[in-house]
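The values are calculated or read from the model by the stated rules, or taken from the named source; none is laboratory data. The structure presented is a predicted model; accordingly, all values stated were derived computationally and were not measured. Every residue, glycine among them, receives a Cβ derived from its backbone with ideal geometry; neighbour counts consider all protein chains shown.
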Amino acid sequence: MTTFSELGLGPKVLRAITEMGFEEPTPIQAKTLPIALAGRDLIGQAQTGTGKTAAFGIPMIERIDPSEDKVAALVMCPTRELAIQVADEIGKLARFKGIRVLPIYGGQEIGRQIRALKKHPQIIIGTPGRMLDHINRKTIRLDHVRMVVLDEADEMLDMGFMDDITAILGMVPPERHTMLFSATMPPNIQKLAQQFLRNPEHISVVPKQVSAPLIQQSYIEVHERQKFEVLTRLLDMESPDLAIIFGRTKRRVDELSEALQKLGYSADGLHGDLSQHQRDTVMRKFRDGSIDVLVATDVAARGLDVSGVSHVINFDLPQDPESYVHRIGRTGRAGREGVAWTFVTPREIDHLHFIEKVTRHRIARKPLPSVADAIESKQRLTAERVIDVLEKDEAKEFKGLAIQLLEQYDSVNLLAAALKLLTGEKKDVVIELTPEDPLRAKKRRPDVRTAGRYGGALPKDGSRGGGRGGGSRGSRYEDRDGSDRGGYGKRGGSEKGGRRNGGYLNTF
């Protein structure tokens, strides 16, 4: 299969695929779609960011009748953030067919979810803990469920969802179509597959190289309070054609883009709380060069494909290696070289080494850029721009004025004043950014997961999508995704928590 049109999909699904910008299937989609559309169970081994959501979402949408008012499909995800992200993408794929999609997860008021369930969604995407809660309350009925997807199954089992998953699968009609996706295949995943899947097809898309070779990767060790000043120096030194700056939270993106604008940089922000019109406006300005710096969250930038991005700057270190790879992959595209800078606070060095270990790529340490370096680079860039205009003979209409000025002023002083004006000066404004807590790596428990995917380390801070009763193990009745039944972990459920930009209610 080389195109989506060869699959025999309905026109409404094909239209959604086209409008989402999907030109040809990714490797996991090419292998999965024919099997899934035929209704056969499958096990897909693929990393985050390979296009697996569409791989299971397209067959799901194709096979559901929009007139039915029963739950026809379930998608189980390890975190609320992934549930929101998956629901957003499937919602876009389903929009022309009129199929209703609903994400449910811990941390959101359950009464609100019950009201949404009364609108009869056909596809429910959620975390196992909250999904089982609704099933026990009879607010979700499984009698007509024909399709079940376990997304990032190894993550769910690692977070302790095995009992919830087996309970849910045990209540779904046995003649269902089941798809399981996992980055690794430890014994507990294989056991789960043997128990609940029927003669599944095995599909594996494991990239040989994690990090793109055309991207020059570097990091700067910098204290949190110094980050913004270092960023402006770096922008002045590097003078990127187009740059994407990644922040960890929506608040960070808002504060950072506003601060850059105050200092005269052509910047704007992109995150999940913006309306569709606002997002489209920001992206149009970035694509046509009206702004040359885009500040974004991971979720907002997912699927972002803009040609000509020369630089990616990780203002905040990402929470996991997959996010790092996804971020830096916004540059170095179509055979071009790209540059990726990452700011790392002293307490995050171990987490950086964890990312290096998983991506199998050494990230070079670079010194803090100095004020003198930044000024010199800006002056050199301005001089190059002046010479470029001169060589192209594009200033004919200014020659008369230039002659008049040269009659009154010394030529060297006059050119120096012009260069100073063109170079620009930072406005005398006070910039204060709300500090972010550092990320830390911690050792995994050796009995819960093979080290193949993460190399034995994980972020600390409840970033697996919420805590268990305030970070402790808690009671057996609490939601493991950090719902209102069991309380939150240290950061799970807040704007800063969660594995993927926690707490976003809308995604790009």
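Tabulated results
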quantity: Total residues in region 264-281, condition in a helix (DSSP H, G or I) and without any contact (Cβ under 8 Å) to a residue 12 or more places away in the chain; calculated: 5
quantity: From 73, 167, 83, 153, residue being at pLDDT 95 or above, closer than 30 Å to residue 9 by Cα and among the small types (Gly, Ala, Ser); calculated: 73
quantity: Residue among 261, 216 that is part of a helix (DSSP H, G or I) and out of contact with any helix residue (DSSP H, G or I) (no Cβ under 6 Å at 6 or more places or on another chain); calculated: 261
quantity: Residues of region 32-83 satisfying the condition of being of a type in the set (Val, Ile, Thr) and more than 27 Å from the chain's Cα centre (by Cα); calculated: 35, 64, 71
quantity: Filter result (surrounded by 13 or more Cβ atoms within 10 Å (Cβ to Cβ) and at pLDDT below 90) within region 265-277; calculated: 271, 272, 273, 274
quantity: Residues that are part of a helix (DSSP H, G or I) and closer than 30 Å to residue 21 by Cβ, drawn from region 106-120; calculated: 116
quantity: Residue within region 47-59 that is under 18 Å from residue 19 (Cα atoms), in contact (Cβ under 8 Å) with a residue 24 or more places away in the chain, in contact with a Ser or Thr (Cβ under 8 Å, 6 or more places away or on another chain) and in a loop (DSSP other than H, G, I, E, B) present; calculated: yes
quantity: Count of residues meeting criterion [more than 28 Å from residue 320 (Cα to Cα) and touching a Leu at 6+ places or on another chain (Cβ under 8 Å)] in region 156-177; calculated: 5
quantity: Residue in region 149-156 that is among the β-branched types (Val, Ile, Thr) and buried (at least 24 other Cβ atoms within 10 Å of the Cβ) present; calculated: yes
quantity: In region 117-134, the residues that are of a type in the set (A, V, I, L, M, F, W, C) and over 26 Å from the mean Cα position of the chain (by Cα); calculated: 117, 132
quantity: Residue 142 in a helix (DSSP H, G or I) and out of contact with any Lys or Arg (no Cβ under 7 Å at 6 or more places or on another chain); calculated: no
quantity: Every residue from region 60-86 that is farther than 22 Å from residue 171 by Cα and assigned to a helix (DSSP H, G or I); calculated: 61, 62, 80, 81, 82, 84, 85, 86
quantity: Condition check for residue 335: at pLDDT below 90, part of a loop (DSSP other than H, G, I, E, B), at positive phi and not assigned by TED's automatic domain parsing to the domain that holds residue 183; calculated: yes
quantity: Flag for residue 58 being at pLDDT 95 or above and crowded, with 22+ Cβ neighbours inside 10 Å; calculated: yes
quantity: Some residue of region 95-105 being assigned to a helix (DSSP H, G or I) and crowded, with 22+ Cβ neighbours inside 10 Å; calculated: no
quantity: Within region 357-384, considering residues that are assigned to a helix (DSSP H, G or I), among the hydrophobic types (A, V, I, L, M, F, W, C) and loosely packed, with under 14 Cβ neighbours inside 10 Å, the one nearest to the chain's Cα centre (by Cα); calculated: 371
quantity: Pair list, Cβ under 6 Å, 6 or more apart: region 385-409 residue part of a helix (DSSP H, G or I), other residue surrounded by 11 or more Cβ atoms within 10 Å (Cβ to Cβ); calculated: 389/395; 405/414
quantity: Meets criteria (surrounded by 21 or more Cβ atoms within 10 Å (Cβ to Cβ) and not assigned by TED's automatic domain parsing to the domain that holds residue 22) for residue 293; calculated: yes
quantity: Condition broken by residue 237, with the remaining ones in (1) outside any loop (DSSP other than H, G, I, E, B); (2) of a type in the set (A, V, I, L, M, F, W, C); (3) under 20 Å from the mean Cα position of the chain (by Cα) satisfied; calculated: (3)
quantity: Within region 1-34, tally of residues that are over 15 Å from residue 53 (Cβ atoms), modelled with pLDDT under 90, among the aliphatic types (A, V, I, L, M) and assigned to a loop (DSSP other than H, G, I, E, B); calculated: 1
quantity: One residue from 97, 52 being in contact with a helix residue (DSSP H, G or I) (Cβ under 7 Å, 6 or more places away or on another chain), of a type in the set (Lys, Arg), in the same structural domain as residue 15 (by TED's automatic domain parsing) and within 30 Å of residue 324 (Cα to Cα); calculated: 52
